[in-house]
Amino acid sequence: MNVALNVASPPTLEARYSPQKAFRLLSGSAAGMVPPAVLILLPIRWSRGNPTFLLYLLLLLLGGCAVVAIRRLVTVGRPVLTITAEGIFDKRIASRIIPWRMVRGISTGEQKSKTGKTIITCVVLTVGEADEGQLALTRWTRLTRGLNHRLGADGLVIRLEGLDVDYDQVFTAITTHVEAARKAWSSVGACALGVTKF
């Protein structure tokens, strides 16, 4: 059934990797790799235990961060997150767009430091299990679902660190499109979305 609706579509939001943030991550990772590399190469006789394994582990972690930064710099001009009238597309989560009709709820997830300061804010989409099978979720998304659930983010997590947009821009765009979708489908009762900001 085709329904003719005169509802103005909100503007599309496209988010890309920020070159400045990617360069800061790369330079910070490279600088952090110098001390452990020097300690590994120097002929040091450790009086209490040998931290060489931990130093290699630190190098591996920082090297991984450097690889992530380089990958972001290489793909800096390509959209990572797109919010349209049809739904949300995040290539890190799924290879297909997540239509608004599949989204049962939208909420905010926060990761806090030991002092209680918020260090990461993300958007969490609640999607039905049956619908998830149609989205072609990425391997990374499938692997991290359990961990995110234990951390309190029960859904598809849209992470914003490294992008050229902030949380308020993304949440406002989502809210605007959700309201437009509600108005567009209210006559046929095909869309029931919950938006929560906490």
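Each reported figure results from applying straightforward, stated rules to the coordinates on display, with no laboratory input. Keep in mind the model is a prediction, meaning the values are calculated, not measured. Using ideal geometry, Cβ is built from the backbone for each residue, glycine included, and neighbour counts are taken over all protein chains shown.
Based solely on its DSSP helices, what 222 nm [θ] is calculated for the chain when runs of n ≥ 4 H residues each add -39,500 (n - 2.57) and the sum is averaged over all residues, nearest 500 deg cm²/dmol? It would help to have the intermediate numbers written out before the result.
Working: 5 runs with 81 residues, N = 198.
That calculation yields -13500 deg cm²/dmol at 222 nm.
I'd like the trypsin sites (Lys or Arg not before Pro) in segment 90-180 restricted to DSSP loop residues with at most 16 other Cβ atoms within 10 Å, sorted by number.
On the way: sites: 91, 92, 96, 101, 104, 112, 114, 117, 139, 142, 145, 150, 159; in loops: 91, 92, 96, 114, 117.
Passing both the DSSP loop test and the Cβ count: 91, 92, 96, 114, 117.
Do any chymotrypsin sites (Phe, Trp or Tyr not before Pro) in segment 24-60 lie in a DSSP loop with no more than 16 other beta carbon atoms within 10 Å, and if so, which?
Listed in order of number, the matching sites are 46.
Check residue 104: other-chain or 5+ apart residues with amide H under 5 Å from its amide H, H built from backbone geometry?
It is 126, 127, 128, by chain and number.
Using a Gaussian network model of the chain whose springs link C-alpha atoms within less than 10 Å, name the residue from 105, 87, 28 with the highest mean-square fluctuation.
So, out of 105, 87, 28, the one fluctuating most is 28.
Using the Cα atoms of segment 16-74 to build a convex hull, what is its mean projected area in square nanometres? Write down the numbers at each step before the final one.
Numbers: hull surface 16.7 nm².
Mean orientational projected area (segment 16-74, Cα hull): 4.2 nm².
What is segment 84-195's relative contact order, in percent, from Cα pairs under 8 angstrom and six or more apart in sequence?
Working: 154 pairs, mean separation 34.9, N = 112.
RCO, segment 84-195: 31 percent.
Please tell me the relative contact order of the chain in percent, rounded to the nearest whole number, where contacts are Cα pairs under 8 Å and at least six residues apart.
Numbers: 277 pairs, mean separation 52.1, N = 198.
Relative contact order, the chain: 26 percent.
Show which lysines lie in cross-link reach of residue 21 when reach means a straight Cα distance below 20 angstrom and same-chain residues fewer than eight apart are skipped.
Here the lysines satisfying the reach criterion relative to residue 21 are 91.
Arranged by the count of other C-beta atoms within 10 angstrom, fewest first, what order do 125, 42, 55 take? List each step's numbers first, then the result.
Working: 125 20, 42 7, 55 16.
Ordered from fewest to most neighbouring Cβ atoms within 10 Å, 125, 42, 55 come out as 42, 55, 125.
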